[in-house]
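The values are calculated or read from the model by the stated rules, or taken from the named source; none is laboratory data. The shown structure was predicted, so the numbers you read here are calculated from the model rather than taken from an experiment. Positions of Cβ are backbone-derived with ideal geometry, glycine not excepted, and every protein chain shown enters the neighbour counts.
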Amino acid sequence: MTKPNVPDNLCPIAVEHSTMLTGDWRAVRPVVDRDRCVKCATCWLYCPVQCMVARSTWFEADLSVCKGCGICAEECPHRAIVMIEESE
Ligand code: SF4
Ligand code: SF4
């Protein structure tokens, strides 16, 4: 079988790398109530993009990569996360 004449560095789907981050198209974002958060890391465990970041006494999302799926808010056992519209 003959190999197609395609350059090794040519992606068949896209020829340019996109610099867009998930945070660029998010519609809602998580906000952590620091008084409620007990730093249990459940949100970190469930976040599909691993963007929850540990602070001194709480966790918060890295909004440059958070995609706004809301799983962290659903899974937080202390109801410390609410999802708000990006426009708020
Ligand atoms: S799951 Fe809730 S309580 Fe636990 S670290 Fe995350 S925000 Fe804090
Ligand atoms: S909204 Fe989704 S992507 Fe953003 S921090 Fe929560 S679980 Fe992670």
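Quick notes on this one:
- Of all residues making up segment 23-75, the number that are of a type in the set (S, T, N, Q) and more than 12 Å from the chain's Cα centre (by Cα): 3
- Verdict on Pro48 being over 12 Å from Val28 (Cα atoms), in contact (Cβ under 8 Å) with a residue 24 or more places away in the chain and surrounded by fewer than 11 Cβ atoms within 10 Å (Cβ to Cβ): no
- Enumeration of residues in segment 1-44 that are modelled with pLDDT under 90 and among the basic types (Lys, Arg): Lys3
- Across segment 27-45, the number of residues qualifying as in contact with a Lys or Arg (Cβ under 7 Å, 6 or more places away or on another chain) and surrounded by 15 or more Cβ atoms within 10 Å (Cβ to Cβ) comes to 0.
- Within segment 23-46, the set of residues being in contact with a Ser or Thr (Cβ under 9 Å, 6 or more places away or on another chain), among the charged types (D, E, K, R) and either part of a loop (DSSP other than H, G, I, E, B) or near ligand 1 (Cβ under 6 Å from one of its atoms) (or both) comprises Arg34, Lys39.
- Of all the residues in segment 51-73, those that are touching a Phe, Trp or Tyr at 6+ places or on another chain (Cβ under 8 Å), more than 8 Å from ligand 2 (Cβ to nearest atom) and not small (Gly, Ala, Ser) number 2.
- Residue count for segment 47-78, restricted to those that are within 8 Å of ligand 1 (Cβ to nearest atom) and either in a loop (DSSP other than H, G, I, E, B) or hydroxyl-bearing (Ser, Thr, Tyr) (or both): 4.
- Filtering segment 45-73 to residues that are at pLDDT below 95 and hydroxyl-bearing (Ser, Thr, Tyr) leaves only Ser64.
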